[in-house]
Amino acid sequence: MDETMRLLDQLWLVWLFTLFAAIIAWAMWPRNKEKFERYGRIPFEGDDRHGE
């Protein structure tokens, strides 16, 4: 049982690291640059929904 738990702990660590690396790679991919820059400007844009 201890050996199985140790294996699961190691697999969990590998899974989390792989997921983290995939998210970082997706965020840094050049194709996504324009989209993330547009999302980053959202807080600075005016809110035209209220007719102000």
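We did not get these values from a lab; they are worked out from the coordinates using the rules stated. Note that the coordinates shown come from a computational prediction; the quantities given were computed from them, not determined experimentally. As a convention, Cβ positions derive from the backbone with ideal geometry for all residues, glycine included, and neighbour counts pool all protein chains shown.
Can you say whether R41 is loosely packed, with under 10 Cβ neighbours inside 10 Å and either touching a residue at least 60 places away in the same chain (Cβ under 8 Å) or of a type outside the set (V, I, T) (or both), as far as the supplied structure shows? Steps first, please.
On the way: loosely packed, with under 10 Cβ neighbours inside 10 Å: yes; either touching a residue at least 60 places away in the same chain (Cβ under 8 Å) or of a type outside the set (V, I, T) (or both): yes.
It is true that R41 is loosely packed, with under 10 Cβ neighbours inside 10 Å and either touching a residue at least 60 places away in the same chain (Cβ under 8 Å) or of a type outside the set (V, I, T) (or both).
Is it fair to say I24 is surrounded by 10 or more Cβ atoms within 10 Å (Cβ to Cβ) and not charged (D, E, K, R)? Don't jump to the end; show me each part of the working.
Working: surrounded by 10 or more Cβ atoms within 10 Å (Cβ to Cβ): yes; not charged (D, E, K, R): yes.
Spelling it out, I24 is indeed surrounded by 10 or more Cβ atoms within 10 Å (Cβ to Cβ) and not charged (D, E, K, R).
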Only residues in segment 5-34 that are of a type in the set (G, A, S) count as the first member; pair them with residues that are assigned to a helix (DSSP H, G or I), Cβ under 9 angstrom, at least 6 apart or cross-chain, and list the lot.
A27/F36
State all residues of segment 1-21 that are surrounded by 10 or more Cβ atoms within 10 Å (Cβ to Cβ) and hydroxyl-bearing (S, T, Y); if no residue qualifies, say none.
T18
